[in-house]
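Participant: I'd like to ask some things about the structure below.
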Amino acid sequence: MSPEERMEALSFADPQTLEQLADDILATAVPVAVITGPESVTAAVRVPIPGTDDATTVLGHVALTRCTVELAGTRGDGIRTGYDPAVAAAAAICDAEYERDGPHREQVEQLCRDAVHERAVRARRRADLVSSTRLEQS
């Protein structure tokens, strides 16, 4: 799993499972340092303008919470939508654990796989619901 795929999966993983895994990692007494955050930031949502080469327009902004930690000198980054400092920190801890090849690395990878799978299931359910919706004129 690439760092980008892992960070994305951790950004939408189940918050309770993510926090529990981070607690388990910290229970190993690994040295931890918070480098940045957790802090609330905003990011622009850009969409392409039809008929132009590469022009985009800002559709709006989304609130995010980000955090960067070091576990035994290995950096980890976490980001979550909305204001969720505890879960952003948990995501950063899990990311660092994976990067340092710590004892919970396989659990972090499994959490990411589960998050991606659950997201795909939800997307299929939504697509099925949308495809079954019919509009009739009266």
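The values are calculated or read from the model by the stated rules, or taken from the named source; none is laboratory data. Here the structure is a predicted model, which means the values were calculated and not measured. Neighbour counts run over all protein chains shown; Cβ positions are idealised from the backbone, glycine included. These accessible areas exclude ligands, DNA and RNA; they are computed on the full protein's heavy atoms, side chains included. Shrake-Rupley method; radii C 1.70, N 1.55, O 1.52, S 1.80 Å.
Participant: Applying the selection to the range 1-10, what residues are open to solvent by 60 Å² or more (accessible area, probe 1.4 Å), more than 16 Å from residue 70 (Cα to Cα) and assigned to a helix (DSSP H, G or I)? Before the answer, list the steps.
Facilitator: Step one: of the range 1-10, the residues open to solvent by 60 Å² or more (accessible area, probe 1.4 Å) are 1, 3-5, 7-8.
Remaining after also requiring more than 16 Å from residue 70 (Cα to Cα): 1, 4-5, 8.
Correct list: 4, 5, 8.
Participant: Which of (1) exposed (fewer than 14 other Cβ atoms within 10 Å of the Cβ); (2) without any contact (Cβ under 8 Å) to a residue 40 or more places away in the chain is the odd one out, the single condition residue 35 does not satisfy?
Facilitator: With respect to (1) exposed (fewer than 14 other Cβ atoms within 10 Å of the Cβ); (2) without any contact (Cβ under 8 Å) to a residue 40 or more places away in the chain, residue 35 is out only on (2).
Participant: Inside the range 85-138, can you point out the residues that are more than 14 Å from residue 1 (Cβ to Cβ), free of Cβ contacts under 8 Å to residues at least 24 places away in the same chain and open to solvent by 90 Å² or more (accessible area, probe 1.4 Å)?
Facilitator: Residues satisfying the conditions are 122, 124, 125, 126, 128, 129, 130, 134, 135, 136, 137, 138.
Participant: Looking at the range 55-71, which of the residues that are touching a residue at least 24 places away in the same chain (Cβ under 8 Å) and open to solvent by less than 60 Å² (accessible area, probe 1.4 Å) is farthest from residue 22 (Cα to Cα)?
Facilitator: First, pick out the residues of the range 55-71 that are touching a residue at least 24 places away in the same chain (Cβ under 8 Å): 64-71.
Those still in the list that are open to solvent by less than 60 Å² (accessible area, probe 1.4 Å) too: 64-65, 67-69, 71.
Working: 64: 20, 65: 17, 67: 13, 68: 14, 69: 12, 71: 11 Å.
Checked the range 55-71; the qualifying residue farthest from residue 22 (Cα to Cα) is 64.
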